[in-house]
Amino acid sequence: MRVELKTVAGAPLAFEAQVQRGDQRLGFSMDTSGMGSQSAGPSPKEALLGSLMACSAMDVVSLLRKYKVAYDSFSMTSNAEQTEKQPKVFVQIDLCYDFTGTDLPLEKLQEAVDLSMTLYCGVSAMLAPAIPIYYIVRVNGQIEHRGQAKFSTQPSLETP
């Protein structure tokens, strides 16, 4: 995996990241959330939270398709506490998985989220040893399940 980063003209704290994926060149912008922001994109920490949620959401949606679970909607939110002093790092991440629908099988929703947060999500596997990641599963507005991202094995750092 390779990503290139370049400054954005006229925006000293904004950057454009480029990813080459086959014949496609994909890009996204990042900016600071503080002074000097050009509102070109999320801050790096906001993008990290978005990456964590997208990684897990892809797992959950894929598993629920495999389980043939139909839902009306699925969304996620995150909150992260960070230190006051530099370097400002996350001290805890809270994720909420929200599902709506009729006659949803709670055990399948819980299983899909738990598998993502304990086995499949590579972003969570990288972050969880350094930052506690807690999550809840809400179904039609009611909290039905709570958990913490814990991976029984550390990812292998060997290259193929």
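The values are calculated or read from the model by the stated rules, or taken from the named source; none is laboratory data. Worth saying up front: this structure is predicted, and the values here are computed from it rather than measured. Cβ atoms come from the backbone with ideal geometry, glycine included; neighbour counts cover every protein chain shown.
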Among the residues listed as PHE99, PHE74, the single one being within 16 Å of the chain's Cα centre (by Cα) and surrounded by 14 or more Cβ atoms within 10 Å (Cβ to Cβ): PHE74
Pair list, Cβ < 6 Å and 6+ apart or interchain, from the range 12-27 residues that are of a type in the set (Ser, Thr, Tyr) to residues that are surrounded by 10 or more Cβ atoms within 10 Å (Cβ to Cβ): none
Residues of the range 1-24 classified as charged (D, E, K, R), part of a strand (DSSP E or B) and touching a strand residue (DSSP E or B) at 6+ places or on another chain (Cβ under 8 Å), total: 3
Count - residues of the range 51-65 that are out of contact with any strand residue (DSSP E or B) (no Cβ under 8 Å at 6 or more places or on another chain) and either of a type in the set (Gly, Ala, Ser) or not assigned by TED's automatic domain parsing to the domain that holds ASN79 (or both): 3
Residue in the range 82-95 that is within 16 Å of the chain's Cα centre (by Cα), farther than 14 Å from TYR120 by Cβ and among the charged types (D, E, K, R) present: yes
Filtered residues of the range 103-140 (kept if assigned to a loop (DSSP other than H, G, I, E, B) and without any contact (Cβ under 8 Å) to a residue 24 or more places away in the chain): ASP103, ALA128, ALA130
Residue in the range 104-117 that is loosely packed, with under 15 Cβ neighbours inside 10 Å and in contact with a Pro (Cβ under 7 Å, 6 or more places away or on another chain) present: no
Filtered residues of the range 48-68 (kept if over 18 Å from PRO132 (Cα atoms) and buried (at least 16 other Cβ atoms within 10 Å of the Cβ)): ALA57, ASP59, VAL60, LEU63, LEU64
Pairs with Cβ under 7 Å, 6+ apart, first in the range 55-72 and farther than 18 Å from THR102 by Cβ, second part of a helix (DSSP H, G or I) and of a type in the set (S, T, N, Q): CYS55/SER124; SER56/SER116; SER56/SER124; ASP59/SER116; VAL60/SER116
Some residue of the range 108-125 being more than 22 Å from TYR67 (Cβ to Cβ), touching an Asp or Glu at 6+ places or on another chain (Cβ under 9 Å) and modelled with pLDDT of 95 or more: no
